[in-house]
Amino acid sequence: MKKANFSRRGVLKTGAVAGAGLMLPTYLRAESHTGFTNAPTGDTVTFGFNVPQTGPDAEEGLDELRAQELAVQHLNGEGDGGMLSTFSQKNLDGTGILGKKVNFVTGDTQTKSDVARAAAQSMIQKDGCIMINGGSSSGVAVAVQGLCQEAGVIFMAGLTHSNDTTGKDRKANGFRHFFNAYMSAAALAPVLEKAYGTDRQAYHLTADYTWGWTQQESMAAATEAMGWTTTQNVLTPVGAGDFSSYIAPVLNSGADILVLNHYGGDMVNSLTQAVQFGLKGKQINGKDFQIIVPLYSELMAKGAGSNIEGVYGSMNWNWQLQDDATKAFVKSFGEKYGFPPSNAAHTCYVQTLLYADAVTRAGSFNPCAVVEALEDFEFDGMGNGPTTYRGSDHQCFKDVLVMEGTASASGNANMVGYDTLKIVEQTPRAQVEYPEDHPMFAGGALGDCNPGA
Amino acid sequence: MDAIILQILNGLDKGSAYALIALGLTLIFGTLGVVNFAHGALFMIGAFCAVTMQRLLTLSHTVIDPSQTDFLGNPLQTKVPYLASIIGADGAQALIAWAVPLSIILVIPVMLFVGWAIERGLIKHFYKRPHADQILVTFGLAIVLQEIIRAVYGANPIQSPAPPMFSGSIDLGQYLGFQANAIVYPIWRLVYFGFSTLIIGAVFAFLQFTTFGMVVRAGMADRETVGMLGIDIDKRFTLMFGLAAAVAGLAGAMYAPIVSPNYHMGMDFLVLSFVVVVVGGMGSLPGAVFAGFLLGILQGFASMNEVKAILPGIDQIVIYLVAIIILLTRPRGLMGRVGVMED
Amino acid sequence: MLGLTKKDFSLFILVVALTLLAPIILNPFPVNSSLGQTFNAGYPALLQRFAIFGILVVGFNILFGLTGYLSFGHAAFLGVGSYAAVWMFKLLSFNIIPAIVLSVVVAGLFSVVIGYVSLRRSGIYFSILTLAFAQMSYALAYSVLTPLTNGETGLQVYPSDPQVLASVGAPSAPHIFGLPMAQSATWSGGGWVFTFEVGYYLCALMLILAFYLSIRIFRSPFGMMLRAIKSNQTRMNYTGLNAKPYMLRAFIISGMYAGLAGGLLAAMDPLTGAERMYWTASGEIVVMAILGGVGTLIGPVVGSGVIKYLENIVSKINDNVLHSALRALPDGLENFLVNIIHPFVGEGWHLTLGLLFMVVVIFLPGGLVQGGQKLGAMFNRQSGNTTAAERDAARQTPSKPAE
């Protein structure tokens, strides 16, 4: 049995309770003396990958799982190592983490907060997970982040794009590698200005939940700053399927831009229907009517097919980037699964490695030591160029990609969604940065890190 | 005015789907006395028949093109539909674009078979069982069907476009004397509405003007007496189930270009179509159709920004609110009969 | 004893024993064994859910099992109960007593309104009315009522909330007079680990009380009256009795059970969202009741347990788990078996659920309880008191359950 190391600054006392032949309980509370929840005691450490495996976001969740599985293999020294060779930190050598082999368990969030929390609780209480990674919705991310904060484990958020995740609902135990609505809007605005001018009337359709609201707020603020007018913001129920009654009035409203603050299946349907309603290509106010989808994903592009042609949006990362890290990851993912990784997959992969690296640098699995190691951590070689995890709100800052939908480049049906999005600009990180007390992110407090136990 | 016309069109369109599903539900309930919770799943299977048609037409063999490389740097493997080698690339492309309407020839036999199999294999044993058991077993069936589709086709919505000639939109306003762009409506939705009216008409004509239909109607009114007259009701009712399944399937297949098929679309429609059936009155075919269109149009109106400004959130609850009001003022729905499903 | 007949008392004691020993019974395998990692269900969060959903379905059974009125909107009461409890946490303190009391009261009031309106109709019309009310509650909570419900993110307690009654030094998580719900003791030995948590035992106590009350209601004149209504309401009306007040009373009791369950859910995990009121959640309650055995006393507890087990345990079995579980077998056979089992576990757990429903409904119309009786009868002709009690309870269900 390996004795846990003291954390770097000796903030917390650790010490594995070792009893000969007596196995440690998987779930420890105040009575225990290990210093933190689920301190790994054997020669393994367990991660919890909590992603939607059923429900509307299932495909995205399964792609995240693929990436997480790959990350675990790389950590354990299997496969070609992926981004381990390009990562600016060289602490990970394929021998697991601090000499412990990495195991993982999976759970299904169903994209429902209750279910996601139940799955996370089971990972923490039953499987002894030290870290939870993944997810595909901001509502779920906020819910699970709160749970991990209370339980004293680290949460790496997966695909969550609402400002709230690292804004009013930020938590000390949670980190987000993904970008957010504000950054999308900040990156998109200059491109939109160049393409569509400064005199535009924008009509917003917005998914009626935390992500939709912050996305709309951010887009409205960024586009109004360059002279556009927001004519109308209509909230639509999530999962409506048929958006015709919301789309029908757009053409006659005097607007010449439609912003679809929708994600996943909703975006596939609303964009397809907007195109069916003949919005794209109509002449309004003497200008071409245009549609904007602030947040893209490969699966959405796949679902929407040719309807995304000429539609601008943004992404956290894309497999077509040309840096070495991206190439290494695409190669190892592509060779294993036969298609390129999505940006959700990239986020979950990178987060797994970053967590492992933080533990190694801290010399401890103690969540507080990990938080300290990740706060204001600067690195490179994970795609997107130089990257920082800001300490004051646990948001990651890096270059953001502005994308445009195109016709399929290869004509290969399997690549629809992957090669129908083209990178039009890699917006430099400085342009999307904001102070941590920005009004759109106000009202939250990280609180103290909680090691549990 | 133009906004109202637009919402009426939307309502007719939504209503078409509600009405077709509700019609099938009512047929099954009226003839077999079975509450079929798997009906939404049948709609979904219909939509996936359209996807399957698309897949069948694009069945491909792999050609390795050494001049190009894929994203990993290996020689590019492109897929060429077999169809293209038979009738030429242009012909194949044209045919593939028509996959959704063409899927009708797939939907009808598939759905008749599915309906027959469900009725003979499962529902048959539930005629004498309580409605609660019927609901649960068909609900279980719905989950199973849905999961099978998910296992085969995945959870991502699958784009199934309308044929090019129907895929654009048409400026109806100009024909009615409005200014340009006042009433622009997708052609396929108009086609869908027309198609639904046709199917509804056909079902009613079938029941009204054929001997088979007469027996079925008689069976709906008084099953026992018809049975005593020596008519084998069961056999006809099996066909009835197949027919109802086919109606749901057609509704689903033609709906595919409007909402990209996904495996849970059946559940999304299930509850709404039940509300439609109940509002129309259990067992009443005209009631189901009428209620379908009525609720569709009301939903359209409630989504108007002007209405939402006065009553926020009304678009999300209007169907249920109307259902409550109707059920409280008309105890058996709009056209229901006394004593049906009240005990 | 306790005002129960001998049979009922035995059943009651059985439930008490099972609930109190659940942390041990549900952890039958050593923690580090692959069986244990896969099938053990004795961890606090899941145990709590077993008990809470048990309460919910026991309450639902008072309405559906006794009167035959199928409410398809019961999740709404669970939802408002949870919202009420979290609001108490936000406004007063993390002490769960006011939260749970208010959640029961609010759910009770809510069910007075919905019950009064919905009970004007019967059969499927009643079901659709309750469904409509629940769906409206869901849609409003999700959208327009966001200031009250925090929309999709879910209502939760922020450090900035007033918590006027919170005393200094009190736990910053739900507690009962200072004793945190998450406090637990563990007992380990020989590879086994058992966790006994305050929160679970609170839920267990509530379940026991709820179950006891439900037996008393089933056996009371009021319960008889409800059964009489179920078997023939028209006849009841002709005897000059107005059935409606009885029905309404049953509806409210049932709603308050759901409110209690909602309050407990919030007390165990102080966050609640609108999805708790969605129609599938109501459908799940119906399914639990029928799966276990409607109208039987213990059926609801069994049904809710089975579904929660599937949802939490089977959904977590992935290919890795399968491979390690079947490691002992030759490779070819191992891969073959993994491929066979794969569609039914992990992301495919819904398929297992659907098939289970179908099998139970087709072959065991009386639910799993009936299956247990059949098994019991097969293996042991001389059945003990408990099965006798159960059979008695099952017999109380008229042959024609409700629509």
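Considering each of A:L62, A:L98, A:L92 in turn, give the residue that is in contact with a helix residue (DSSP H, G or I) (Cβ under 8 Å, 6 or more places away or on another chain), surrounded by fewer than 24 Cβ atoms within 10 Å (Cβ to Cβ), among the aliphatic types (A, V, I, L, M) and free of Cβ contacts under 8 Å to residues at least 12 places away in the same chain.
A:L62
Taking the residues in segment B:123-140 that are touching a helix residue (DSSP H, G or I) at 6+ places or on another chain (Cβ under 6 Å) and among the aliphatic types (A, V, I, L, M) as candidates, determine which candidate is farthest from C:G292 (Cα to Cα).
If we filter segment B:123-140 for residues that are touching a helix residue (DSSP H, G or I) at 6+ places or on another chain (Cβ under 6 Å), which is where we start, we get B:126, B:133-134, B:136-137, B:140.
Next, from what is left, pick out any that are among the aliphatic types (A, V, I, L, M): B:136-137.
Values: B:L136: 13, B:V137: 14 Å.
Restricting to residues being touching a helix residue (DSSP H, G or I) at 6+ places or on another chain (Cβ under 6 Å) and among the aliphatic types (A, V, I, L, M), the top hit is B:V137.
Cβ-Cβ under 9 Å, sequence separation 6+ or interchain: first residue in segment C:273-295 and over 23 Å from C:G68 (Cβ atoms) and assigned by TED's automatic domain parsing to the domain that holds C:A51, partner of a type in the set (K, R) and at pLDDT 90 or above. Which pairs?
Between residues of segment C:273-295 that are over 23 Å from C:G68 (Cβ atoms) and assigned by TED's automatic domain parsing to the domain that holds C:A51 and residues that are of a type in the set (K, R) and at pLDDT 90 or above, there is no close pair.
Could you list all residues from segment A:34-43 that are under 27 Å from the mean Cα position of the chain (by Cα) and at the interface with chain C (Cβ under 10 Å from one of its Cβ atoms)? Walk me through how you get there before you give the answer.
First pass over segment A:34-43, keeping only residues under 27 Å from the mean Cα position of the chain (by Cα): A:36-40.
Listed by number, the list is empty, since nothing qualifies.
Take the residues in segment A:278-331 that are within 12 Å of chain B (Cβ to nearest Cβ) and among the hydroxyl-bearing types (S, T, Y), then tell me which one is surrounded by the most Cβ atoms within 10 Å (Cβ to Cβ).
Here the answer is A:S297.
For segment A:438-453, how many residues meet the condition of being more than 24 Å from A:M131 (Cβ to Cβ), part of a loop (DSSP other than H, G, I, E, B) and away from chain C (no Cβ under 11 Å)?
So in segment A:438-453, the residues more than 24 Å from A:M131 (Cβ to Cβ) come out as A:438-443.
Restricting the remaining residues to those that are part of a loop (DSSP other than H, G, I, E, B) gives A:438, A:442-443.
Subset that is away from chain C (no Cβ under 11 Å): A:438, A:442.
Qualifying residue count for the region: 2.
Can you tell me how many residues within segment A:54-72 are assigned to a helix (DSSP H, G or I) and modelled with pLDDT under 90?
Pass one, segment A:54-72, residues assigned to a helix (DSSP H, G or I): A:58-72.
Still in the list and also modelled with pLDDT under 90: A:58-59.
Residues flagged as assigned to a helix (DSSP H, G or I) and modelled with pLDDT under 90 within segment A:54-72 amount to 2.
In contact with a Phe, Trp or Tyr (Cβ under 6 Å, 6 or more places away or on another chain) and without any contact (Cβ under 8 Å) to a residue 40 or more places away in the chain - does that describe any residue in segment C:199-213?
Checked segment C:199-213: no residue is in contact with a Phe, Trp or Tyr (Cβ under 6 Å, 6 or more places away or on another chain) and without any contact (Cβ under 8 Å) to a residue 40 or more places away in the chain.
Mind checking whether some residue in segment B:129-143 is under 30 Å from C:V287 (Cα atoms), of a type in the set (S, T, Y) and either touching a residue at least 60 places away in the same chain (Cβ under 8 Å) or surrounded by fewer than 20 Cβ atoms within 10 Å (Cβ to Cβ) (or both)? Give the derivation first.
In the first step, residues of segment B:129-143 are kept if they are under 30 Å from C:V287 (Cα atoms); the result is B:129-143.
Now drop any that are not of a type in the set (S, T, Y), which leaves B:138.
This time we only want the ones that are either touching a residue at least 60 places away in the same chain (Cβ under 8 Å) or surrounded by fewer than 20 Cβ atoms within 10 Å (Cβ to Cβ) (or both), so: B:138.
Within segment B:129-143, one or more residues are under 30 Å from C:V287 (Cα atoms), of a type in the set (S, T, Y) and either touching a residue at least 60 places away in the same chain (Cβ under 8 Å) or surrounded by fewer than 20 Cβ atoms within 10 Å (Cβ to Cβ) (or both).
Within segment C:367-374, is there a residue that is at pLDDT 85 or above and closer than 19 Å to B:T138 by Cβ?
Just the residues of segment C:367-374 that are at pLDDT 85 or above, to begin with: C:367-374.
The next check asks that each one be closer than 19 Å to B:T138 by Cβ; those that pass are C:367.
Yes, because at least one residue in segment C:367-374 is at pLDDT 85 or above and closer than 19 Å to B:T138 by Cβ.
In a helix (DSSP H, G or I), away from chain A (no Cβ under 14 Å), more than 18 Å from C:R49 (Cα to Cα) and at pLDDT below 95: does that describe C:I290?
Details: in a helix (DSSP H, G or I): yes; away from chain A (no Cβ under 14 Å): yes; more than 18 Å from C:R49 (Cα to Cα): yes; at pLDDT below 95: yes.
Considered against the rule, which asks whether it is in a helix (DSSP H, G or I), away from chain A (no Cβ under 14 Å), more than 18 Å from C:R49 (Cα to Cα) and at pLDDT below 95, C:I290 comes out as yes.
Output the number of residues of segment B:144-166 satisfying the condition of being part of a helix (DSSP H, G or I) and of a type in the set (S, T, Y).
Here is the first cut: in segment B:144-166, the residues part of a helix (DSSP H, G or I) are B:144-153, B:164-166.
Within this subset, residues satisfying the condition of being of a type in the set (S, T, Y) are B:153.
Here the count works out to 1.
Here is a list of conditions, (1) farther than 30 Å from C:G154 by Cα; (2) surrounded by 17 or more Cβ atoms within 10 Å (Cβ to Cβ), and C:S282 meets all of them except one; can you say which number that is?
(1)
Looking at (1) among the small types (G, A, S); (2) touching a residue at least 24 places away in the same chain (Cβ under 8 Å); (3) in a helix (DSSP H, G or I), which is the only condition A:G135 fails?
So the condition that A:G135 fails would be (3).
Among the residues of segment B:233-242, is any modelled with pLDDT of 85 or more and surrounded by 24 or more Cβ atoms within 10 Å (Cβ to Cβ)?
Yes.
Which of the residues spanning segment C:131-162 are without any contact (Cβ under 8 Å) to a residue 60 or more places away in the chain, part of a helix (DSSP H, G or I) and either in contact with a strand residue (DSSP E or B) (Cβ under 7 Å, 6 or more places away or on another chain) or surrounded by fewer than 24 Cβ atoms within 10 Å (Cβ to Cβ) (or both)?
C:M136, C:L140, C:T146, C:P147 - these are the residues of segment C:131-162 that are without any contact (Cβ under 8 Å) to a residue 60 or more places away in the chain, part of a helix (DSSP H, G or I) and either in contact with a strand residue (DSSP E or B) (Cβ under 7 Å, 6 or more places away or on another chain) or surrounded by fewer than 24 Cβ atoms within 10 Å (Cβ to Cβ) (or both).
Only one residue in A:V400, A:V350 is in contact with a Phe, Trp or Tyr (Cβ under 7 Å, 6 or more places away or on another chain), at pLDDT 95 or above, crowded, with 19+ Cβ neighbours inside 10 Å and of a type outside the set (K, R). Which one?
Values: A:V350 fails: in contact with a Phe, Trp or Tyr (Cβ under 7 Å, 6 or more places away or on another chain).
Of the residues listed, the single one that is in contact with a Phe, Trp or Tyr (Cβ under 7 Å, 6 or more places away or on another chain), at pLDDT 95 or above, crowded, with 19+ Cβ neighbours inside 10 Å and of a type outside the set (K, R) is A:V400.
If you scan segment C:34-52, which residues turn out to be over 18 Å from C:I307 (Cβ atoms) and either away from chain A (no Cβ under 11 Å) or under 17 Å from the mean Cα position of the chain (by Cα) (or both)?
C:S34, C:L35, C:P44
Checking the conditions here, which among A:A143, A:A71, A:A119 is away from chain B (no Cβ under 14 Å), surrounded by 24 or more Cβ atoms within 10 Å (Cβ to Cβ) and over 30 Å from C:R276 (Cβ atoms)? Write out each step before concluding.
On the way: A:A143 fails: over 30 Å from C:R276 (Cβ atoms); A:A119 fails: over 30 Å from C:R276 (Cβ atoms).
None of the others qualify; the one that does is A:A71.
For segment A:370-386, name all the residues that are in contact with a Lys or Arg (Cβ under 7 Å, 6 or more places away or on another chain) and free of Cβ contacts under 8 Å to residues at least 12 places away in the same chain.
Hits for segment A:370-386: nothing passes.
Is it the case that segment B:316-330 has a residue that's outside any helix (DSSP H, G or I), at positive phi and within 12 Å of chain C (Cβ to nearest Cβ)? Before you say what the answer is, go through the steps one by one.
Let us first name the residues in segment B:316-330 that are outside any helix (DSSP H, G or I), namely B:330.
If we keep only those that are at positive phi as well, we get none.
No: zero hits.
Under the condition of being surrounded by 16 or more Cβ atoms within 10 Å (Cβ to Cβ), within 14 Å of chain A (Cβ to nearest Cβ) and small (G, A, S), which residue from segment C:173-217 is nearest to C:V301 (Cα to Cα)?
C:G199
Report the residue count in segment A:234-268 for those that are facing another protein chain (nearest Cβ under 10 Å), over 23 Å from B:S169 (Cα atoms) and not aliphatic (A, V, I, L, M).
3
Return the pairs, sorted by first residue and then second, in which the second residue is among the acidic types (D, E) and surrounded by fewer than 24 Cβ atoms within 10 Å (Cβ to Cβ), the first residue lies in segment C:50-63 and is farther than 13 Å from C:L297 by Cα, the beta carbons are less than 9 Å apart, and the residues are 6+ apart or on different chains.
Taking only residues 6 or more apart or on different chains, the pairs are C:F53/C:E284.
Within the bounds of segment B:253-267, is there any residue that is more than 30 Å from A:Q283 (Cβ to Cβ), away from chain A (no Cβ under 14 Å) and buried (at least 17 other Cβ atoms within 10 Å of the Cβ)?
yes
Looking only at segment A:164-191, count every residue that is part of a helix (DSSP H, G or I) and under 12 Å from the mean Cα position of the chain (by Cα) and tell me the total.
Our first condition is that a residue be part of a helix (DSSP H, G or I); within segment A:164-191, this holds for A:164-166, A:181-191.
Then keep just the ones that are under 12 Å from the mean Cα position of the chain (by Cα); that gives A:165-166, A:181.
Of the residues in that region, 3 qualify.
What is the one condition in (1) in contact with a Leu (Cβ under 8 Å, 6 or more places away or on another chain); (2) not in a loop (DSSP other than H, G, I, E, B) that A:L321 does not satisfy?
(2)
Being buried (at least 19 other Cβ atoms within 10 Å of the Cβ), assigned to a helix (DSSP H, G or I) and within 12 Å of chain A (Cβ to nearest Cβ) narrows it down to one residue among B:A17, B:A22; which is it?
Working: B:A22 fails: within 12 Å of chain A (Cβ to nearest Cβ).
Criteria check complete, one pass: B:A17.
Mind checking which residues of segment B:1-39 are within 30 Å of B:V307 (Cα to Cα) and of a type in the set (G, A, S)?
Those that are within 30 Å of B:V307 (Cα to Cα) and of a type in the set (G, A, S): B:A3, B:G11, B:G15, B:S16, B:A17, B:A19, B:A22.
The values are calculated or read from the model by the stated rules, or taken from the named source; none is laboratory data. Here the structure is a predicted model, which is why all the values come from computation and not from measurement. As a convention, Cβ positions derive from the backbone with ideal geometry for all residues, glycine included, and neighbour counts pool all protein chains shown.
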